[in-house]
1. Among the listed residues B:Tyr28, B:Tyr46, identify the single one that is under 13 Å from B:Gly89 (Cβ atoms) and touching a residue at least 24 places away in the same chain (Cβ under 8 Å).
2. Among all residue pairs at least 6 apart or on different chains, which show Cβ distances below 6 Å where the first residue, located in the range B:59-76, is touching a residue at least 40 places away in the same chain (Cβ under 8 Å) and the second is among the charged types (D, E, K, R)?
3. Please enumerate the residues belonging to the range B:123-150 that are more than 15 Å from B:Ala85 (Cα to Cα) and buried (at least 18 other Cβ atoms within 10 Å of the Cβ).
4. Considering only residues that are more than 9 Å from chain A (Cβ to nearest Cβ) and crowded, with 21+ Cβ neighbours inside 10 Å, which ones fall in the range B:69-90?
5. Scan the range A:78-92 and give yes if some residue there is in contact with a helix residue (DSSP H, G or I) (Cβ under 7 Å, 6 or more places away or on another chain), of a type in the set (Phe, Trp, Tyr) and assigned to a helix (DSSP H, G or I), otherwise no.
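The values are calculated or read from the model by the stated rules, or taken from the named source; none is laboratory data. Quantities reported herein were computed from a predicted structural model and do not represent experimental measurements. Glycine also receives a Cβ, built like all others from the backbone with ideal geometry; neighbour counts cover every protein chain displayed.
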Amino acid sequence: MNAMDHEWRDLMADWQSEPEEAVSSPLSEETRKRIRRKVQRHGHWMVLLTLSELTGCAAMLVWIWKESLEQPRAIGTVGFVGTVILIVVALAFSFWNRRGTWKPATESTRTFVELSLERQRRKLAALRFCPWFLALELAFLIPWSIWALVSQPSEPWRWLFAFGWMAGMSALMLAWWAWYKRKTLREMAEWEELWRGLHESG
Amino acid sequence: MSGSSSAVSTNPEGVDSLDVSRALEERYDRILREHGPALRRVAAIYEADPARREDLFQDVCLALWQALPRFRGDCSERTFAFRIAHNRGLSHGWKARGTMIPGTAALEEAEEIADHRHDPESELYERDRRERLREAVRRLPPVARQVVALSLEGLSHREIGEVLGLTENNVAVRLTRARKLLRQILETGK
C-alpha cells in the first residue's frame, strides 16, 4: 500500500468519524408526520395545479359568457369565441410544454442534471411563448374593445378602464417576464456548468 | 406516500397494501438507521450552515421516502440513497448559494456539539480535522466534490459510477484529479 493510499485511508477515517449523538438520531415521530404530510401534499400538488388551471379557465369562461350576454349579439359571440380560443391555446401549450418532465427523482446524477436542464429549457420555451401570447391577446382585445365601446354610448371612464386595465396587465406581465427570464437563465447557466463537468472527457 | 393512500386495497398478487406500506416504513427506517450518518455528511458538503443543513437532511429524507416505492433493487440501497441525497444537494446548492458565513457556521456547530464531549481537547482536535476536511471538500468543484465525498464514504468506483451516471474508468480518472485538488486545498488552504 503506497503513501497516497495511507493518506486517503486517514482522510476516510476522519470523514466518517462523527460523534454518535450528532448523527445517529432517528427521525422523531413529529418529523415523520411532517414528512408524511409533505409527501401527501406534494402528491396532490400537481393534480391541484392542473385542476386549478382548468377551474380558473372554466370560471373565466362563465364570466365572459355572462358578460357577452349583456353585449349586442355579434359582439358578445365574437368576445366569447375569441376568449375560448385564447384559453385553449394557453392550456394546450401549458400541457404540451410539461410533457416528459415528471420523471421520478431516483436516476443517477447525470440524468437528474439532464432532467433539470430540460425543465429549464421548458421554462425558456414558456417564456418565449409569453410575449407572443400577449401580442395575440392584445391583437384580439384591442379591436374587440373598440368595437364594443363604439357600438353603444360609452362614458370616457369606460374607455379609460378598458385600456388602463390592458396596459396595466401587460406591464405587469412584461415585468414578471423580464425577472423570470433572468432567473431562469442564471439557473440554467449553473446547471449547464454542472452538465459540462459531468460530460467532460475523463 | 403511495402506500398510505391505498391502505385498504389489495393488489393483484393478493398482498395487502397495508403490509406493503408497513414494509416500506420498515425499509425506510432501516435505510436511515444504516445510512443516516452518511446522508448527513452528504448534506454537509452542500450546506455549511447547521440549521440549513438540517433542513437539507430533512429534504433528503422526504425525497427518499417518496422514491422508495419506486425502488426496484437495480442497485444497492446505499447507492440508491446516495443518488437521492446528492441530487437533492445539487438542487439545494443553487437555491442557497452565497448565503452563509463559514466562520459563523463553524462556531455554531462547535457550540452544537459542545455538550457531547468527554475529552474536550482531543475531541476538539478531531472535530477541527473533520471540519477542515469538510470545508476542503465543500470548496471542490461540484462533480469533484461528489466523487471525493462518495469515495470517502467507501464506495467503489463502480458504485460511484452508478450514483453519478459515469463509467468506472471515468470515475477513476476524476477521482485521481479530485484527490490532488483536495490535497492542494488541505495543504495550502486555497
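1. B:Tyr46
2. Short answer, once both residue conditions are applied: B:Cys75/B:Glu162.
3. B:Arg127, B:Arg130, B:Glu131, B:Leu133, B:Arg134, B:Glu135, B:Ala136, B:Val137, B:Leu140, B:Ala144
4. B:Ala81, B:Phe82, B:Ala85, B:Gly89
5. Taking every residue of the range A:78-92 in turn, at least one turns out to be in contact with a helix residue (DSSP H, G or I) (Cβ under 7 Å, 6 or more places away or on another chain), of a type in the set (Phe, Trp, Tyr) and assigned to a helix (DSSP H, G or I).
Let's see how each residue does on (1) in contact (Cβ under 8 Å) with a residue 40 or more places away in the chain; (2) over 16 Å from the mean Cα position of the chain (by Cα); (3) facing chain A (nearest Cβ under 9 Å):
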residue	(1), (2), (3)
B:Arg132	yes, yes, yes
B:Val137	yes, no, yes
B:Arg145	yes, no, no
B:Glu153	yes, no, yes
B:Glu162	yes, no, yes
B:Val171	no, yes, yes
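Residues are listed down the side, and each one gets a yes or a no for (1) in contact with a strand residue (DSSP E or B) (Cβ under 6 Å, 6 or more places away or on another chain); (2) free of Cβ contacts under 8 Å to residues at least 40 places away in the same chain; (3) within 14 Å of chain B (Cβ to nearest Cβ):
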| position | (1), (2), (3) |
| --- | --- |
| A:Leu91 | no, yes, no |
| A:Glu118 | no, yes, no |
| A:Trp132 | no, yes, no |
| A:Ser151 | no, no, no |
| A:Ala189 | no, yes, yes |
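Conditions tested, residue by residue: (1) surrounded by 13 or more Cβ atoms within 10 Å (Cβ to Cβ); (2) on the phi > 0 side of the Ramachandran plot; (3) of a type outside the set (D, E, K, R).
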{"site": "A:Leu138", "(1), (2), (3)": "yes, no, yes"}
{"site": "A:Leu149", "(1), (2), (3)": "yes, no, yes"}
{"site": "A:Pro153", "(1), (2), (3)": "no, no, yes"}
{"site": "A:Trp157", "(1), (2), (3)": "no, no, yes"}
{"site": "A:Trp165", "(1), (2), (3)": "no, no, yes"}
{"site": "A:Met169", "(1), (2), (3)": "yes, no, yes"}
{"site": "A:Leu172", "(1), (2), (3)": "no, no, yes"}
{"site": "A:Lys181", "(1), (2), (3)": "yes, no, no"}
{"site": "A:Glu192", "(1), (2), (3)": "yes, no, no"}
